[in-house]
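What follows is a single structure, written as structure tokens, with notes after it.
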Amino acid sequence: MRIGFGYDVHRLVEDRPLILGGVQIPHEVGPAGHSDADVLLHAVADALLGAAALGDLGAYFPDTEAEWEGADSQVLLQQVTQRVGDHGYAPHNVDATVLLERPTLRPHVDDMRANIAGPLSLDRGRVSVKATTTEGLGLVGREDGVAAQAICTIRTT
Ligand code: MG
């Protein structure tokens, strides 16, 4: 068993959809980025790569490559799972927290869990997603950005 940790932040800007954990949430701003800028899925992918000591997401999907422009991060997550699998590991469980001031994410958490469980070939019971505000403090509190942290375990196959 090995453990990995992932962290991601994106700026919130106008004219971008708010996609978190593969769920599009109605809101007036969304994260800027080269792909769909899904911070939750990026944090989970980095946690998986970290657990297998395989570097970080940016190394595999550089934001300089047109191929990944507007990319669906569930596809990235699936490819990361494949790469981790090629090295003899399979995801075992995931726990993640999204940091966002508004809107409340609770109604969407179960869909996010399913969207992570799918690419990782895990039961939803092994995927936890939580959400918190930062009570008005810092970049999240000012609504300048959205952040996510994730931890995952992988086991040898
Ligand atoms: Mg990112």
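The values are calculated or read from the model by the stated rules, or taken from the named source; none is laboratory data. Quick caveat, the model's predicted, so the values are computed rather than measured. Reconstructed Cβ throughout: ideal geometry from the backbone, glycine too, with neighbour counts over all protein chains shown. SASA here: full protein model, heavy atoms, side chains in, ligands and nucleic acids out. Shrake-Rupley method; radii C 1.70, N 1.55, O 1.52, S 1.80 Å.
Numerical summary
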| item | result |
| --- | --- |
| GNM flexibility winner over the chain from R124, R11, R106 (Cα, springs under 10 Å) | R106 |
| Per-selection Kirkwood Rh - the chain (Cα, Å, 1 d.p.) | 15.3 Å |
| Accessible area, probe 1.4 Å, largest first, for residues D111, D63, D95 | D63, D111, D95 |
| Beta bridge orientation in the chain: antiparallel %, DSSP, nearest 5 | 80 percent |
| C-alpha long axis of helix 109-120 to longest principal axis of the chain, angle in ° | 30 degrees |
| Accessible carbon and sulfur surface of the chain relative to its total accessible area, %, 1.4 Å | 47 percent |
| Theoretical gain in end-to-end length, D72 to F5 [0.36 nm per residue, Cα-Cα removed] | 22.0 nm |
| Nearest-10 value in Å² for the accessible area of Y89, using the 1.4 Å probe | 40 Å² |
| Check: the chain dipole with +1 on Lys, Arg Cβ and -1 on Asp, Glu Cβ, in debye | 740 debye |
| C-alpha long axis of helix 73-86 to longest principal axis of the chain, angle in ° | 20 degrees |
| Charge dipole of the chain about the Cα centre (unit charges at C-beta), most positive-ward option of T133, F61, H92 | H92 |
